[in-house]
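Before any comments, here is the structure.
The values are calculated or read from the model by the stated rules, or taken from the named source; none is laboratory data. Predicted, not measured: the structure shown is a model, and the values here were computed from it. Cβ placement follows ideal geometry from the backbone for every residue including glycine, while neighbour counts extend to all protein chains displayed. Side chains are part of the model used for accessible areas, which takes the heavy atoms of the whole protein and leaves out ligands, DNA and RNA. Shrake-Rupley method; radii C 1.70, N 1.55, O 1.52, S 1.80 Å.
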Amino acid sequence: MGSGHLMRGLALGQAWKALGGRAAVASDLSPEHAARVKASGLDLRPASAVATDGWLAVDGYDFGPDYLDAAKKKARTLVLDDYGHRARLPADVVLNPNAGAEDFAYAPTDALVLAGPRYALLRPEFA
């Protein structure tokens, strides 16, 4: 479980690095997933070592409004969402690349919403 979220994170991190930025994955991963991160060219940090400057991309169903409120106080946040069902989604940017996401009502939010397949995160080998 979580492989799809990891692959999206790798795609985002690799694209950011290609634009000259720095990117790391902060997670407590299985050895197999950790090897995948290292092979992608991104740094791997423990989940507790989340950066507090720049941007934080959050992808997972266990990150609720309390976590996102706290994260948003430390860094600019991009939240990847699949369903549009959360009552409150504090973020600077919400990204939902799924078909039909354009019809989801992300409210109330002052976030920039990027919705639909045109925002799909593809790793270089698939782009």
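Listed residues Gly9, Gly4; which is open to solvent by less than 40 Å² (accessible area, probe 1.4 Å) and either of a type in the set (Lys, Arg) or under 26 Å from Ala99 (Cβ atoms) (or both)?
On the way: Gly4 fails: open to solvent by less than 40 Å² (accessible area, probe 1.4 Å).
Answer to the selection: Gly9.
Report yes if Thr77 is surrounded by 13 or more Cβ atoms within 10 Å (Cβ to Cβ), of a type in the set (S, T, N, Q) and in contact with a helix residue (DSSP H, G or I) (Cβ under 9 Å, 6 or more places away or on another chain), otherwise no.
Working: surrounded by 13 or more Cβ atoms within 10 Å (Cβ to Cβ): yes; of a type in the set (S, T, N, Q): yes; in contact with a helix residue (DSSP H, G or I) (Cβ under 9 Å, 6 or more places away or on another chain): yes.
Yes, satisfied.
Do you know which residues across segment 26-43 are within 20 Å of Phe126 (Cα to Cα) and either open to solvent by less than 50 Å² (accessible area, probe 1.4 Å) or assigned to a loop (DSSP other than H, G, I, E, B) (or both)?
Of everything in segment 26-43, those that are within 20 Å of Phe126 (Cα to Cα) and either open to solvent by less than 50 Å² (accessible area, probe 1.4 Å) or assigned to a loop (DSSP other than H, G, I, E, B) (or both) turn out to be His33, Val37, Ser40, Gly41, Leu42.
Which members of segment 115-126 meet the condition of being of a type outside the set (D, E, K, R) and closer than 18 Å to Leu10 by Cβ? Break it down into steps so the answer makes sense when it comes.
From segment 115-126, those of a type outside the set (D, E, K, R) are 115-117, 119-122, 124, 126; that's our starting set.
Residues satisfying the conditions are Tyr119, Ala120, Leu121, Leu122, Pro124, Phe126.
Is there a residue being of a type outside the set (Val, Ile, Thr), open to solvent by 30 Å² or more (accessible area, probe 1.4 Å), free of Cβ contacts under 8 Å to residues at least 60 places away in the same chain and under 23 Å from Ala26 (Cα atoms) anywhere in segment 91-98?
The first filter runs over segment 91-98 and keeps only residues of a type outside the set (Val, Ile, Thr), leaving 91-92, 95-98.
Then keep just the ones that are open to solvent by 30 Å² or more (accessible area, probe 1.4 Å); that gives 92, 98.
Imposing the further condition that a residue be free of Cβ contacts under 8 Å to residues at least 60 places away in the same chain reduces the set to 92, 98.
Now restrict to residues that are under 23 Å from Ala26 (Cα atoms): 92.
Yes: segment 91-98 contains one or more residues that are of a type outside the set (Val, Ile, Thr), open to solvent by 30 Å² or more (accessible area, probe 1.4 Å), free of Cβ contacts under 8 Å to residues at least 60 places away in the same chain and under 23 Å from Ala26 (Cα atoms).
Can you tell me which residues in segment 30-47 are in contact (Cβ under 8 Å) with a residue 12 or more places away in the chain and not aliphatic (A, V, I, L, M)?
The first filter runs over segment 30-47 and keeps only residues in contact (Cβ under 8 Å) with a residue 12 or more places away in the chain, leaving 33, 36-37, 40-47.
Those that are in contact (Cβ under 8 Å) with a residue 12 or more places away in the chain and not aliphatic (A, V, I, L, M): His33, Arg36, Ser40, Gly41, Asp43, Arg45, Pro46.
Considering only segment 44-62, state which residues are under 14 Å from the mean Cα position of the chain (by Cα), surrounded by 13 or more Cβ atoms within 10 Å (Cβ to Cβ) and modelled with pLDDT of 85 or more.
Of all residues in segment 44-62, those under 14 Å from the mean Cα position of the chain (by Cα) come to 47, 50-51, 54-62.
Narrowing further to those that are surrounded by 13 or more Cβ atoms within 10 Å (Cβ to Cβ): 50-51, 55-60.
Once the filter is applied, which keeps residues that are under 14 Å from the mean Cα position of the chain (by Cα), surrounded by 13 or more Cβ atoms within 10 Å (Cβ to Cβ) and modelled with pLDDT of 85 or more, segment 44-62 yields Trp55, Leu56, Ala57, Val58, Asp59, Gly60.
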